[in-house]
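Engineer: Here's a structure for you.
Derivation of every value follows stated rules applied to the coordinates shown; laboratory data play no part. From a predicted model like this one, the values you see are computed outputs, not experimental measurements. Please note: Cβ atoms are built from the backbone with ideal geometry, for glycine as well, and neighbour counts cover all protein chains shown.
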Amino acid sequence: MLSTNEAVRRLKQGEVVAIPTETVYGLAADASKLLAIQQIFTLKQRPSDNPLIIHIGCMNQLDEFSKPMTEIELRIIKKFWPGPLTLVLPRKKNVLDAITAGLNTVAVRMPNHSKCLNLLQKTGPLVAPSANLSGTPSPSKSEHVLSDFGENFPVLDGGDCAIGIESTVLTCRPNYPTTTGQQSSCASRKFQSDILIYRPGAISAEELSEFGSVEYYTPSHSIKDTLRTSNVTPSPGLKYRHYAPKATVEWLSDVEQLETLRYPGVIFLLDKTPPYTQSFTDKVVKDGYSLLCCEGSWKRFGQLLYDTFRMADKENYTRIFIQDIRKHVATSSLKDAIINRIEKAISGH
Ligand code: AMP
Ligand code: MG
């Protein structure tokens, strides 16, 4: 584990270091050093057309990368930074193509983590995708980083991530041409809303609706198939497999479903009781299931989601049952993001 000073020294020398944020751990490199950035792609086995988010420690650092902002962007920044929100903005020419994967836009975020902010103020802007191998669940604890990259990998430890789910990624210019010579990101598509969410995160659509009309970017099925084979997408990360453990993930909707389960696995619950009774718990223990319950806390549920995925794979469990929270009466700003990650894990996309 590194001290902040050691992490600063290494990053300034062009090395790659894992850093804590409030969302997930990031694999960081100096945003001005091409070789270090290329090393991130190699280490993660990340496709080079999947762009990186630039992390900044103060507003001055933003000027290097983006053009002047609109009123709505400024208001969103004022409200949510530092925080789990990534803004996709028009880029300046000097931003390295390796960061943006050649797009006309650049993604920027100011993380809400004191150790990370302190580091960023000393290093300057860092690019930092999630510090996991491409395809494995994102790391919400420093030990997840070590499990993917080895016990001796340099990590600045900042404790377990407070949110544990990646940032909300959005643009306030849905029709800004993402690639040169292209009118809009998805050829014939025009967006009507003020805010387009590419990836749901802890800042919800509802919270954002205070600043304008909000829409989720949801490629239709036919577009989804094209996305896999082409690079015509405004947020290329959408076309890659994400967040999925090796174990199969399924929604658990009622106790009866459990009666038919034959293989031990993991049961991950938001609520304790009801509908989960003592006899349910007894059966779980008797049949060798590992039961995790978040006592009704959405925050805890989000924090433990990827840890549960990783634990299942480590213990060679083949199935993960997750309480079906899609129609849960309780609302939470995390709900859409959590459902999104679970659905991705279920479908394997
Ligand atoms: P990760 O760093 O692994 O959390 O993933 C970053 C996400 O941000 C990916 O889904 C990227 O596609 C997305 N992203 C990064 N840069 C841009 C950009 N310029 N425009 C749209 N999406 C972006
Ligand atoms: Mg990632």
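Engineer: What list do you get for C58, C172 if you sort them by fewest beta carbons within 10 Å?
Structural biologist: C58, C172
Engineer: While we're looking at this one, here's another question. Would you compute the Debye intensity of the range 115-214 from its alpha-carbon atoms alone, equal scatterers and no solvent, and pass along log10 I(q)/I(0) at q = 0.23, 0.24 Å⁻¹ to two decimals?
Structural biologist: Rounded to two decimals, the profile gives -1.17, -1.21.
Engineer: Would you work out if the chain is rounded, prolate or oblate? Take a ≥ b ≥ c from the square roots of the eigenvalues of the alpha-carbon gyration tensor; rounded if a/c is under 1.5, else prolate when a/b is larger than b/c, oblate otherwise.
Structural biologist: Prolate.
Engineer: What size of dipole, in debye to the nearest 20, comes out for the chain about its Cα centre when the only charges are +1 on Lys and Arg C-beta atoms and -1 on Asp and Glu C-beta atoms?
Structural biologist: Charge dipole, the chain, about its Cα centre: 840 debye, nearest 20.
Engineer: Going by amide H atoms built from the backbone, whose H comes under 5 Å of the H on T105, apart from near neighbours?
Structural biologist: Counting only residues 5 or more places away or on other chains, the set is R91.
Engineer: Output ³J(HN,Hα) for the range 83-97: one whole-Hz value per residue in order, computed from phi by the Karplus curve 6.51 cos²θ - 1.76 cosθ + 1.60 with θ = phi - 60°, and x for Gly and Pro.
Structural biologist: x, x, 9, 10, 9, 8, 10, x, 9, 8, 5, 6, 5, 5, 4
Engineer: Enumerate the amide H contacts of E166 below 5 Å, restricted to partners 5 or more residues apart or on another chain; note that Pro and chain-start residues carry no placed amide H.
Structural biologist: Those qualifying (amide H under 5 Å, at least 5 residues apart or on another chain) number zero.
Engineer: If the chain between S209 and S48 were fully stretched, how many nm would it gain, using 0.36 nm times the residue separation less the Cα-Cα distance?
Structural biologist: Working it through step by step, the gained length comes to 54.6 nm.
Engineer: For S3, S333, S297, what's the fewest-to-most ordering of other Cβ within 10 Å of each Cβ? Don't skip to the answer; put the middle values down first.
Structural biologist: On the way: S3 10, S333 17, S297 14.
In order of increasing Cβ crowding within 10 Å: S3, S297, S333.
Engineer: Can you list residues whose amide H is under 5 Å from I322's amide H, if they're 5+ apart or on another chain and H is modeled 1.01 Å from N?
Structural biologist: E250, W251, L252, F268
Engineer: Still on this model: Which order do S193, S134 fall in if you start with the one that has the fewest other Cβ atoms within 10 Å?
Structural biologist: So the residues, fewest neighbours to most, are S193, S134.
Engineer: Applying 1/(1 + (r/R0)^6) with R0 = 22 Å to the Cβ-Cβ distance of Q192 and K92, what FRET efficiency is obtained, to the nearest 0.05?
Structural biologist: For R0 = 22 Å, the calculated efficiency reads 0.20.
Engineer: Looking at the range 265-349, which GluC sites (Glu not before Pro) are DSSP coil and have at most 14 other C-beta atoms within 10 Å of their C-beta? It would help to have the intermediate numbers written out before the result.
Structural biologist: Working: sites: E295, E315, E343; in loops: E295, E315.
Passing both the DSSP loop test and the Cβ count: E295, E315.
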